[in-house]
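Please read the structure below before turning to the comments.
Read-outs throughout are calculated quantities, based only on the coordinates presented, and are distinct from any laboratory measurement. The structure displayed is predicted, hence computed values, not measured ones. Methodologically, a virtual Cβ is constructed for each residue, glycine included, from the backbone with ideal geometry; neighbour enumeration extends over all protein chains shown.
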């Protein structure tokens with residue numbers, strides 16, 4: 001099977017050496033083929049512009065919303081208990097990042113200007129405690145305050161307080177000789193510089209940056225308001241959840257020590273060998289699985305890696321199977 005141009009993305013090129021040298025996480029290539037044999041016949045819906053909650057139709061506001069969300073889209077599980085953040089809203093209990101969105105919809109509907117630089121630059125811990133009132137305290141509140149204050153200041157100083165002005169100033173591509181949205185987002189906003197060192201080589205993960213850009217593409221391209229021109233270059237969004245799906249389906253095999261750590265809810269340090277191997281192999285495996293699924297769907301519109309990634313996230317983000325615990329602001 002020929003490899004497509006997406007394997008030339010900065011992210012995929014950087015994770016291949018990790019996959020080849022991993023000793024704690026192994027990929028069962030045979031299982032990728034077996035999973036593709038049946039997953040290829042599932043329904044993968046086309047983007048229709050819908051969002052979990054209604055945040056209106058203004059393209060600039062949706063850009064602001066999406067990038068602010070992904071500025072804080074990390075750590076929804078208590079690191080000491082393993083209990084996930086949940087919130088009740090509109091007659092339903094929401095979990096994980098969906099609970100975050102529920103809280104944001106409730107707050108903005110009540111008039112909180114959460115998606116503006118002025119609000120972010122000045123928000124306090126008390127503000128976040130009020131907005132994100134749920135079943136547990138949202139983890140890492142202090143870190144979120146610091147990030148929002150820094151991002152808000154940058155937005156005020158350079159982009160009139162709006163992420164949308166930043167987006168409009170970039171080429172509508174991930175990669176454009178330095179002017180691409182992913183290239184600039186990870187430079188101008190350091191909170192998105194999701195890079196690790198593995199055997200002294202840089203591994204470019206860029207989970208939240210890519211997820212934010214993908215979210216804008218999902219919301220705005222069906223509206224013909226904005227579209228990412230090289231969406232095929234997006235990779236999986238390496239987080240806590242995709243490895244769970246990979247492990248449950250038998251695509252991932254762990255060393256005994258790592259398996260015990262995950263099952264016992266022992267924290268795995270950020271930028272440790274285990275954490276980098278979990279994330280890098282997730283990206284590699286989703287890319288391989290996407291290729292295998294597309295190979296089995298001749299004549300159909302090729303799936304993008306984020307679509308296959310979402311298949312795993314949606315199925316397993318609220319599962320009782322334990323995921324690895326890493327204290328980080330990157331996912």
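Based on C-alpha pairs under 8 angstrom that are at least 6 apart in sequence, region 198-285 has a relative contact order of 33 percent. The slack between residue 150 and residue 168, meaning 0.36 nm per residue of separation minus the straight C-alpha distance, is 4.4 nm.
Placing pseudo-labels 7 Å out from each Cα toward the beta carbon at residue 320 and residue 110 gives an inter-label distance of 3.3 nm.
Full extension of the chain segment joining residue 141 with residue 78 gains 21.5 nm, where the gain is 0.36 nm per residue of separation less the Cα-Cα distance. Calculated FRET efficiency, residue 253 and residue 200, Cβ-Cβ r, R0 25 Å, to nearest 0.05? Efficiency for this residue pair is about 0.45. Note on the chain: semi-axes of the ellipsoid equivalent to its C-alpha gyration tensor, largest first and rounded to whole Å, are 30, 24, 20. Normalised by residue number, the volume inside the convex hull of the Cα atoms of region 26-133 is 184 Å³ per residue. Relative contact order (percent) for the chain, with alpha-carbon contacts under 8 angstrom and 6 or more residues of separation? Relative contact order comes out at 27 percent. With the simple spin-label model, which puts each label point 7 Å out from Cα in the Cβ direction, the residue 327 to residue 28 separation comes to 3.4 nm. On the basis of the beta-carbon distance and an R0 of 45 Å, residue 297 and residue 188 show a calculated FRET efficiency of 0.75. Extension gain for residue 38 to residue 119 (0.36 nm times residue separation, less C-alpha to C-alpha distance): 24.4 nm.
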